Structure formats: structure tokens, C-alpha cells
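This report refers to the structure that appears directly beneath it.
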Amino acid sequence: MNTLATTAPSSTSALVHPSIHPDERAAREELAACYRVFAMLGWVEMIYNHITVRLPDSVTGGEKQFLINPFGLHYSEVTASNLVKIDLQGKVLDGSTYPVNPAGFTVHAAIHDGLPGAHCVMHTHTTAGVAVACLQGGLQQTNFYTAQLHGMVAYHDFEGITIHADEGPRLLKSIGDRNAVILRNHGLLAWGQTLPQTFAILWTLQRACEIQMATFSMGQAIPVSEEIAQRCTRDALQFSPEHGAGQDVFNALVRQVDRIDPSYRN
């Protein structure tokens, strides 16, 4: 979501939290780690795009409160303490001096509020993701990764920069109950019950787009049949809570981040 805030931080100094609920601390560390994972994978768009998580009721008392990246920082600069806590209107709740990109949270707020299972929402502008989002026909059933997303991908037509709240109901209607979303002419989005599950969905969607872009550059692709795609999606267990829902993959990537720079925990 590429709009500019009126002010931006000039340093990466973190907000000090004198007392914090352990569940919020855990959520902050996991989300900050995810931002660093995205940076390591190259899923960055300068200072733009967002990963958001809803804080648990143990922290908020049932209120809908979220963590989002401070606008103006690169993903490699995000830490547990400089993440910003906001409400559904984007109002800062933790005294952070960092701005929040209003265009960034419009889509996220609609999904968090309208889909009860949307604990985490991720949005990217990767080259492969945007390319497929701009392609007539979108994602096509031609590779190993698309076959694992049969019946899971939704599309939402481009309405311009997402700063208008009235787009929310139309977005929710487009999504339905599908966790992988292609925002036409725009990029990729995923939502899920946990951050690792959301990551697993987005990673699979991203890989599907990368392989499609590479395949189409060489010629005509071999289609995967509906029967085989249905079977692949049924047999693929990486999104299932009963099989970890991506936790093992996410943990492996966090271990790589820890070896590179563990400062996200601060």
C-alpha cells in the first residue's frame, strides 16, 4: 500500500514498555521475527506493505487490538518493542511515536474485523505476485504449488490505493472463506488462524506465482487436472492445525534469522 504518511521517524529507537503482558510480548517477538523473515526472503517493498496480528483476549480483554509495523522503517529494522499497537480505526494505543500508514491498515482492518478466524493478515508486492495479479486469468493450475491451493484462492478487483473504508465490504465478499487472495493489479494477501499458518499459505501462493512466471516465460504450461489438484490440496497438510500449520517451517526460518541478527527480540 504505497501512500506516504505526513511524518516519518528519523531513527530506529524503540518504544519502551515498562510493563507488558507476557502474551503480548510473545506476539510482538513472533511478529517481529516474521518481518525479519520477510526481509531475509526479499519479500519487501521499501518501507511499504504490512503484516498484522490481532492480540489475544488475555491481553485486550476482548477488544480488537492489533500490532503493525511502524511506518518509515524497513522490515529489517522492526523489533518487538517498536511494533505499534492500534485499534480497528488505526488509533495508536501504546503511546508509540511512530506513524501508521493508513493505506496499509484499511485492508487489514476489514479482514480482521470481518473474518473471525483472521488472527494474522499478510500482504506483499513481490514481483512474481504482482505479475500474476496483473495477468489475465490470474493464477493457473499448472504446477505443484497451485495444485495445493485448489479452491483456496480468491480474487478482488483493483479499486485503487486502499485508503477508503467503503471498499472493506466488497473485499470481504470477494474473499469469502478463502485464505489465499490475489488482489488484481496489486499483489498477494493471506490470512489465517495463526501467524505460521498464514505464512505457510502465503509462501505456497508466492511459490506458485514464481513457478508460473518462470514457466510462462518459456512457453505453454502443462495443465493439472481438477481431479489431481483436488487430491493434492486434500493430501497437503502444511496448513492444517492438526499437523502444525506451518509452525515447523516458520521456526526453521526464525533460526536462520537468529543466526543473522537476533535484534528483532529487543
| query | In whole percent, how big is the carbon plus sulfur part of the accessible area of segment 16-63, probe 1.4 Å, protein atoms only? | reply | 53 percent
| Residues with amide H under 5 Å from that of ASN101, placed H, sequence gap 5 or more | PHE71
| field | Accessible surface of segment 95-247, 1.4 Å probe, proportion on carbon and sulfur as whole % | value | 56 percent
| task | Give me the distance in nm between label points sitting 7 Å out from Cα along the Cα-to-Cβ direction at ASP177 and SER217, one decimal. | result | 3.8 nm
| note | Residues meeting the amide H criterion for ALA154 (H placed from the backbone, H to H distance under 5 Å, 5 or more places apart or on another chain) are ALA180, VAL181, ILE182
| Solvent-accessible area per residue for the chain (1.4 angstrom probe, square angstrom) | 46 Å²
| message | Spelling out what I want: for every residue of segment 195-200, take phi, set θ = phi - 60°, compute 6.51 cos²θ - 1.76 cosθ + 1.60 (Karplus), and round to whole Hz; glycine and proline get x. | response | 5, x, 4, 4, 4, 4
| said: Treating only the Cβ of Lys, Arg, Asp and Glu as charged (+1, +1, -1, -1), what charge dipole size does segment 59-161 show about its Cα centre? Round to the nearest 20 debye. | reply: 100 debye
| query | Long-range amide H contacts for ASN82: which residues qualify at under 5 Å (H placed 1.01 Å from N, peptide plane, sequence gap of 5 or more or a different chain)? | reply | LEU15
| Mean residue ellipticity at 222 nm from the helices of the chain, using -39,500 (n - 2.57) per DSSP H segment of n ≥ 4 over the full residue count, to the nearest 500 deg cm²/dmol? | -11500 deg cm²/dmol
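The values are calculated or read from the model by the stated rules, or taken from the named source; none is laboratory data. Everything quoted here is computed from the prediction, not taken from an experiment. We place every Cβ from the backbone using ideal geometry, glycine too, and count neighbours over all the protein chains shown. In case anyone asks, the SASA skips ligands and DNA or RNA and just uses the protein heavy atoms, side chains included. Shrake-Rupley method; radii C 1.70, N 1.55, O 1.52, S 1.80 Å.
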